[in-house]
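Everything on this sheet refers to the single structure shown next.
None of the figures in this text is laboratory data; all of them are computed from the coordinates on show. Please read all numbers here as calculations on a predicted model, not as lab measurements. Don't worry about glycine lacking a Cβ; one is built from the backbone with ideal geometry, like all the others, and counts go over all protein chains shown.
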Amino acid sequence: MLRNVIAGFALLVAGASTHAADVYKVDMTVSRGGVVVGKPSVRVVADKVADLTMTPPRPPETQALRVSVSVAPGTQAGTIGVHLMIFDWRAGEWTLRSEPDVVAWTGKVATVDIAGGKDDASAAPIHVALKVTPELSTSASDAAAGT
């Protein structure tokens with residue numbers, strides 16, 4: 001009986017932490033003009049920013065991208081709000097190109113397409129495909145394990 005109570009509590013804690021996770025795994029594929037620039041996978045704490053710089057496999061370096069990612073629980077069950085900031089490398093500095101918000105369903109791929117830049121409409125389009133998965137926080141994992 002006690003074993004069933006402990007197992008039930010562990011499932012309750014695990015279920016609650018999945019619904020209100022504070023750590024999310026974000027898998028992305030980022031391409032510019034059809035060429036994959038990077039396929040990063042990063043763990044992001046809710047309401048914090050992960051900053052990634054990606055350089056394409058071939059020159060020019062001006063094709064590099066910087067992506068800042070933040071996540072938060074979505075307003076609808078099973079969704080996660082993702083805020084992206086996409087930067088281009090222009091004249092020796094990072095310039096904000098786009099700042100989209102995405103609503104992603106847990107574990108499903110969401111996409112964002114970004115047309116030419118503000119200052120250069122002929123700039124190659126950027127495509128971001130991302131999948132967000134909530135993860136147990138360390139404290140929730142410890143509680144589920146009974147520590």
### Message
Taking amide H atoms as placed 1.01 Å from N in the peptide plane, list the residues 5 or more away in sequence, or in a different chain, whose amide H sits under 5 Å from that of Ala46.
### Response
Val23, Tyr24
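Going by how many other Cβ atoms sit within 10 Å of their own, how do Arg90, Arg66 line up, fewest first?
Details: Arg90 14, Arg66 17.
Ascending Cβ contact count within 10 Å gives the list Arg90, Arg66.
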### Summary
In the neighbourhood of Pro73 defined by beta carbon distances under 15 Å, the net charge of the other residues (Lys, Arg +1; Asp, Glu -1) is -2
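What's the whole-number percent of alpha carbon pairs in segment 22-135 lying beyond 25 angstrom? Don't jump to the answer; show the numbers that get you there.
Values: 1281 of 6441 pairs.
Summing the P(r) of segment 22-135 above 25 Å gives 20 percent of all pairs.
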